[in-house]
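Coordinate-derived values only; no laboratory data. Owing to the predicted nature of the structure, the values given are computational and were not obtained by experimental measurement. No Cβ is skipped: glycine too gets one built from the backbone with ideal geometry, and neighbour counts run over all protein chains shown.
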Amino acid sequence: MSQSEQKVVQYLGEAHASEIGLVSVLRSQIAITPRGSYRDGLEKHLDETRKHAARIQQRLDELDGARNPLQVVVGFTETLVSQGLALSKAPFDLLRGTGGEEKVLKNAKDAYATEALEIATYTALERLAVKVGDEQTAQLARSIRADEERMLERIMREIPKLTDAVVGAEIEGEPSYDISKTGAADTAREVAHEIKQTARDTHTAARRSARQARKIPGVAQVEGQLKGAVASEDDLAIARYDSLTAEEIVSKLPELSQLDLAKLDSYERKHDNRTTVLSRITALRRAEPWPGYDELTVAEIEAVLDEGDEQRLRDVVAYERAHKNRAGVLNAARRETANA
């Protein structure tokens, strides 16, 4: 895969993650917006955004044959981050402001900023695609950007009217609608459920591709670093991580895979940045006996050891003793060494 193709896939992945997150944000905003021209515009753009995500995914699938396996990991992480932000933002959209009219106005200003970012994203994608000779992707970016530009103009036309509604409700005492009758609470629950379900579906679909990608040297550690940068304590391989002392954490590190060690390294540097923990992680982060080793069960490792490669046997023994120290693997290695 050429460097230019990798960059196009990267930009497409970023755009796709953005569209997926925006679907949920739009739903939460529609939930508190009264019937009228602005809500009509939001509902139309929600439909467009879903189509944008589908079209970008189709283009990514078309380019998949030339796709760098590492992009699977990066794209997967970006999508989860986007979904996580949408999940945290949706309830906030329902609560901000002193009254229903002001909530809608604040959301409209956010929507304007979001559309400007989307336009910049697709402008960059189009320019990149043109420069590297990918006219199909350039046309896709132009088409989607046109939808975003129309939505930006529509929001700007609506903001004066939404501001007038705030004046009427909060200064003149003439509120225009009752937020409790817009279905906001039900929609918030539906949005949260859909985001979680999408995250589960995305995870299931990506697991096989990610596992295959980890068979390439270095990919597992890169994946761990990316995940650690956005991880919460619950995402870590060591339970109650934040409440443990450095000594307690160090004692548990040998049990972890290279991916989990990389994740902890990134998480620790972002939070407590303890030298004792980081030094031990660095000492344990070493090449697996072969790429993808940490993904295998004892039985799968034994099957490889049956091939009788002496150097591989030595590498497995050294790695296992420094890490999980699994009796089944060590016994298998001893048997093969004795038979060699």
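Express in nm, to one decimal, how much length is gained between LEU278 and LYS324 on full extension, taking 0.36 nm for each residue of separation and deducting their alpha carbon distance. Here the answer is 14.7 nm. Based on Cβ point charges of +1 for Lys and Arg and -1 for Asp and Glu, what charge dipole magnitude is obtained for the range 214-284 about its Cα centre, in debye rounded to the nearest 20? Value, rounded to 20: 300 debye. Using θ = phi - 60° in the Karplus curve 6.51 cos²θ - 1.76 cosθ + 1.60, the 3J(HN,Hα) couplings for the range 250-266 round to 4, 5, 9, 4, x, 6, 8, 6, 4, 4, 5, 5, 5, 4, 5, 4, 5 Hz; x is entered for Gly and Pro. Sorting LEU46, LEU162 by the number of Cβ atoms found within 10 Å of their own Cβ, with the fewest placed first, yields LEU46, LEU162. Dipole magnitude for the range 123-168: computed about the Cα centre from +1 point charges on Lys and Arg Cβ and -1 point charges on Asp and Glu Cβ, it is near 60 debye. With viscosity 1.567 mPa s and temperature 4 °C, the Kirkwood radius over alpha carbon pairs of the range 109-168 converts through Stokes-Einstein to a diffusion coefficient of 103 µm²/s.
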